[in-house]
Structure formats: structure tokens, C-alpha cells
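Here, each number is a calculation from the coordinates, and none is a lab measurement. It should be emphasised that the depicted structure is a prediction, and the values quoted were computed from it without experimental measurement. Please note: Cβ atoms are built from the backbone with ideal geometry, for glycine as well, and neighbour counts cover all protein chains shown.
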Amino acid sequence: MHRRTVLAALAAGSAFALGLGVPAAAAAPVKLTYWSGFTGGDKQAYEDLIKKFNDTHPDIQIDYQLQPWDSIGQKLPTAIASGAGPDLATPDYNVATLQQYVANGLALPLDDLIPQVGEGVLPPAIVNSFSVKGKLYAAPANFATLLLYYNKDLLKAAGIDAPPKTMQELQDDAVKLSNGSGQYGIALADNATIQMWPILIWSDGGDLIANHCSALADPKTIGTVEKWAGLIRDKKISPVGSTGQDADNLFAARKAAFEINGPWAAGEYNAAKVNFDVAPVPIGASGKPVTLASTVPTIVSAKTAHPKEAQAFLAWWLSKATQAQLATAAAYAPSRTDMANDPSIAANPTVAAFTAQVPNARLYLPTEKDFSKIDTGIFIPAIQSATQNGDAAAALKRADDQLNKVLGCK
């Protein structure tokens, strides 16, 4: 056979057809595009895990594309609907956003995931929040609780020996640590953030929604917001109208003594060389410990050409080894129920502290299909009105009426 003919056949991957005994070219790996919003202090932990997956799975490769959360929120629904979107994505850090993707047929039911991960392995709160009509539509990219971060140097300088254990102590310390010259007792964000205000409300026995109706006009809810809003306005314990990034920047710059935040912030504060530690969120008037649970859903596009490979990646992500690495690197609690005694958790005090709060953690509006209307359209404006205009009761009563209309509750 002419040499040029042989070379052409080899280039076409048909050597076996020519009887030469040379293996055909290997099939190209399946490439999955993944849009993610993890651009904060935990960014490196996610990138390292994606690299590990790609290094150990030559048949499946993840093209990991980081984008701001608001960019993903704007572009993702249209991109998936048009068939030009990613195979995998984190639609939002707010769990309830998943409901919209399911309702619009944009998320794939993950029928293959539980058989690979195991029955009963995912925390019930995650399964309940990520399921619609008995079908699972997302996998947790992470699972976190919030703790009270505190600057040890600022507390020591103010003569405070230990972090507060009660909300009253936190309020007193925040006043003491605010000097009116750029140092604040606490960085308390109210928008573009993982919610902090619901924790304050829950701790005193109030709520946002109870029995499918608004609880914003509940005296306990109003009392809590009045108390904190007054301290912000009158005692300047926190800047007014802070975003989550504003609050993080203040703590990183040693301009705030306290902040309620999740494990993703630890890397940023370590990099800024802040002398900090974490403690449980102080207990309020309810007498019960409570904090916020946070989990970001990862969906598989309903238009993906590779559903099995996408779910295989998610199963790997939820494996014990991967969850142990994520917990160690970013201080997240594992997204599994069978790792409480894992040595990697016990060996890391920060991870152990966040994991210990799992029983006390609640998700924020986890299944409200009108999440955005409630969060950015009703709750955040009510808090901002209370802190800026001074009439918390009036702001919350207006919000109560608005929320009941959205909920269909009279």
C-alpha cells in the first residue's frame, strides 16, 4: 500500500480496518461547561477540586467558567432555553431560585444521582429543598452554616475577654466597639448578601413566614428589628445599607469587630492577616441557638447532551473524599450525613465549629417560588426603611401586607 494512503488512513483513525494492528485514535473526552458564581474567598478550593476531577477523569473534562452571581442570574435562563447554555450551573446562592428553573423546564431531574451517591446520604433539608413533586433537581455545591466572626485584637483592646454568648451581650459589645471614627462594632449587611437579619429575628422567636402567612408584623419580629435598627441609626454600630461585600471589606480592613458570615470568608480574612476567630451565633430571647444554613444548588441543564456524564461528575463531587477536601480547604460542613466522625472534620477546629451548627441551622425561604419578590422586593426594603427612616413597625406592617398578597394569605 502506498505510504500516503496509509498515513491518510491513520489520520482518519481507521488503522484496524487496514489490518495494520494499530489502535484507532482514542475517542475525545466529553466536555462539560460549568458556570459557577464562586468568586469569593473560597474560589481556590473549587478550582482545585475541578482540576483534580479533570486530572483523574480523562473521559470527562469540566470547563469551569467563573462569573458574578448577578451575571449568571441574568444570562443563564435564556442561555439554557436557547440550547446555548452550560451543561452545569449554580443558578443562584439563594435556594428558592431553583423553583423557577424547574417551573420553566430548564433543570434536568437527577434520576441517576441518588443511586450513585446512596439513599439517605444527602441531608434531608437539602433533599426537601431541591425536590419538586418527589424528583431531585439539584445537587449541593456546598453546605454551610454561619458563625460569628470576631477580631481578637479589637476585642482585647476594648477589654472584652471572650466573644458574646447572648444577643444582649453582642449588642452591648457592638456599642462599646464602635468609636464613631470609622470603627464599627459589627458589619451587618442588608442587601446583595447571604441574609444576616433573619438570624437576628429567629433568635428572638420571630419569623418571616409562619403557617404560609407573613410573620413580619409579629411583635417579636418588629421588636427585634426596632432594637437593631435603633442601634445602627443612633449608636452607629454598623454602616447603613451595607452590601455583603461592604461588610466583608470592613472586617478584612479591621474596621469591624464582628460579622456574621459563612466559611467562605475565612480564606479572605486569612489572606488579609486579620487576627480572627469564630464562635456560635449568640442566643437571643428565644433561648434557643439558631443560625442560617446555606447551600448552593448545582443544576444540570435540561438541554445538555450529556446528562449521564454531568450526573457522574455530581456524584464524584458528593463523594466522601471530595467532601473531605472541600471541608478542609474551605471550612464547609460536608454535604453528607455520614461524615460527622470523619477524621478530617475533627482535625480542623474551624470546620468542626461550622459542622457543629448544622442542627441549629435554618434555610432562608428555601421553597418560595416568589423568592425574589419576597427577598429583594419586600424584606430588604423593609429592613432598609427601618434602619434609614426610623419607623420599623410601620415598615414591617407595610411589608406584612405586601407579603400576604404574594403568599395569597388573607
Listed with the fewest Cβ neighbours within 10 Å leading, Lys273, Lys31, Lys255 appear as Lys273, Lys31, Lys255
With no solvent term and unit scatterers on the alpha-carbon positions of segment 92-193, Debye gives log₁₀ I(q)/I(0) at q = 0.21 Å⁻¹ of -1.06
For 121-127, 288-294, ranked highest to lowest by mean beta-carbon neighbours within 10 Å, the order is 288-294, 121-127
As straight-line cross-link partners of Lys373, the qualifying aspartates and glutamates (C-alpha separation under 19 Å, not fewer than 8 residues apart within one chain) are Asp70, Asp92, Asp190, Asp207, Asp400, Asp401
So, with points 7 Å from each Cα along the Cβ direction, the Lys227-Thr376 label distance in nm works out to 3.1
On each of the three principal axes the extent of the alpha-carbon atoms of segment 316-410, given in whole Å and largest first, is 51, 28, 19
Note: Thr367 to Asp59 extended length (0.36 nm per residue) minus current alpha-carbon separation gives 107.3 nm
Short to long, in 5 Å steps from zero, the percent of alpha-carbon pairs of segment 233-343 per bin is 2, 9, 14, 15, 16, 15, 12, 8, 6, 3, 1, 0
Given the candidates Asn270, Ala312, Ala285, the one whose Cα lies deepest towards the positive end of the charge dipole of the chain, counting +1 at each Lys or Arg C-beta and -1 at each Asp or Glu C-beta, is Ala312
Treating every alpha carbon of the chain as one equal point scatterer without solvent, the Debye formula yields log10 I(q)/I(0) values at q = 0.07, 0.11, 0.12 Å⁻¹ of -0.38, -0.84, -0.98
Quick shape summary for segment 155-218, equivalent ellipsoid via Cα gyration tensor, semi-axes whole Å in descending order, reads 29, 14, 9
Looking only at lysines whose Cα falls under 17 Å of Lys236's and that sit 8 or more positions away or on another chain, we get Lys176, Lys227, Lys255
Of all DSSP beta bridges having both residues in the chain, the percent classed as antiparallel (nearest 5) is 55
Cross-link reach from Lys220 to lysines, straight Cα distance under 19 Å and at least 8 residues apart if same chain, gives Lys288, Lys397
Asserting the computed 222 nm helical MRE of the chain (DSSP H runs at least 4 long, -39500 (n - 2.57) per run, divided by residue count, to nearest 500) equals -12500 deg cm²/dmol
Taking a label point 7 Å from the Cα of Ala356 along Cα-to-Cβ, the residues of segment 272-298 whose backbone nitrogen sits under 12 Å from it are 278-281
Taking a crude spin-label model, label points 7 Å out from Cα along the C-beta direction, the Ser286 to Thr39 distance in nm is 3.4
Here FRET efficiency (C-beta to C-beta, Ser82 to Ala393, R₀ 60 Å, nearest 0.05) is 0.80
Residues meeting the amide H criterion for Thr298 (H placed from the backbone, H to H distance under 5 Å, 5 or more places apart or on another chain) are Ala139, Ala141
To the nearest 20 debye, segment 125-179 has a Cα-centred charge dipole, built from +1 on Lys and Arg Cβ and -1 on Asp and Glu Cβ, of 400
Simple SL model, points at 7 angstrom along Cα→Cβ for Asp401 and Ala162; separation in nm is 4.8
Given unit charges at Cβ for Lys, Arg (+) and Asp, Glu (-), the dipole magnitude of the chain about its Cα centre in debye, nearest 20, is 480
